[in-house]
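Asks: Before I ask anything, let me first share the structure, which is written out below as structure tokens.
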Amino acid sequence: MDLMIMQRKDARGSGGHDVEGLLDELYATPPSDFVAGREELAAGAKADGRVEDARLIHAARRPTLAAWAANLLLRSQPAESQRFLALGRALREAYRNLDADGLKELSDQRSSIVSALSRQAAALAREAGHRLSGPAQQEVASTLRAVLADQGAADRWAAGRLESALTSPADFPSGTAAAADVAKKPARAPTAPRSSRAGGEGRTRRGPQGRHDGRSAASQAARRTGGR
């Protein structure tokens with residue numbers, strides 16, 4: 001059983017069990033040790049009379065090697081992971097706001113960052129005694145691309161308990177293709193003013209400012225992520 005899990009369990013004692021913390025550490029355990037660790041924790045919870053905790057622990061499913069490596073990356077590199085999640089938020093915002101300049105700036109970084117983090121996950125797995133195969137490394141990269149493109153995937157990865165690799169239902173186009181794709185999207189049709197001339201003027205003032213704010217946020221995220 002993983003030493004970290006044993007230490008966490010012993011430290012809590014009978015009066016302060018933290019089942020969520022135990023599950024977090026269980027998902028950082030290599031897949032080959034997962035089932036044995038899970039059963040030991042579940043049995044201990046049941047022996048202590050913590051029936052609901054035992055049920056939650058026993059319901060945990062062993063992650064694939066690629067999912068475990070992605071979980072390990074998140075836990076081992078928290079600062080890098082937070083910057084990566086911020087890059088995803090900025091990319092999605094730029095695409096929603098039709099910000100071609102910001103999207104190109106962020107997309108230019110995306111491929112190299114995904115590749116770098118995928119290699120880092122493979123190195124962490126190797127240090128833990130598990131070498132990732134080529135397909136497993138591709139699954140890690142697929143998971144990271146999904147994290148950038150989809151908020152739901154980002155939330156699942158950020159929880160640190162992936163059981164299998166993630167794939168995004170849709171992906172961003174890359175580089176200049178991203179900017180071209182956004183540029184071809186039609187602008188929203190203007191809404192007819194309701195009654196007052198002042199209301200129309202307010203909309204005219206807000207429109208350009210909103211676009212400027214979108215570009216600024218995307219550019220700032222690009223600089224933060226690129227300046228690691």
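Asks: Take the eigenvalues of the Cα gyration tensor for the range 57-133, scale each by 5, and report the square roots as semi-axes in whole Å, largest first.
Replies: 29, 15, 10
Asks: Could you compute the FRET efficiency for residue 138 and residue 96, with r as their C-beta to C-beta distance and R0 at 41 Å, rounded to 0.05?
Replies: 0.90
Asks: Counting only protein heavy atoms, what percent of the accessible surface of the range 38-118 is carbon or sulfur at a 1.4 Å probe?
Replies: C and S atoms contribute 51 percent here.
Asks: Let me ask something additional. What are the semi-axes of the equivalent ellipsoid for the range 127-169, taken as the square roots of 5 times the Cα gyration tensor eigenvalues, largest first, in whole Å?
Replies: Over the Cα atoms of the range 127-169, the ellipsoid semi-axes are 20, 12, 7 Å.
Asks: Can you tell me the accessible area per residue over the range 81-139, all protein chains present, probe 1.4 angstrom, in square angstrom?
Replies: 49 Å²
The values are calculated or read from the model by the stated rules, or taken from the named source; none is laboratory data. Values in this document were obtained by computation on a predicted structure and should not be read as measured data. Ideal geometry is used to build each Cβ from the backbone, glycine not excepted, and the neighbour counts take in all protein chains shown. For accessibility, only protein heavy atoms count, side chains too; no ligands or nucleic acids. Shrake-Rupley method; radii C 1.70, N 1.55, O 1.52, S 1.80 Å.
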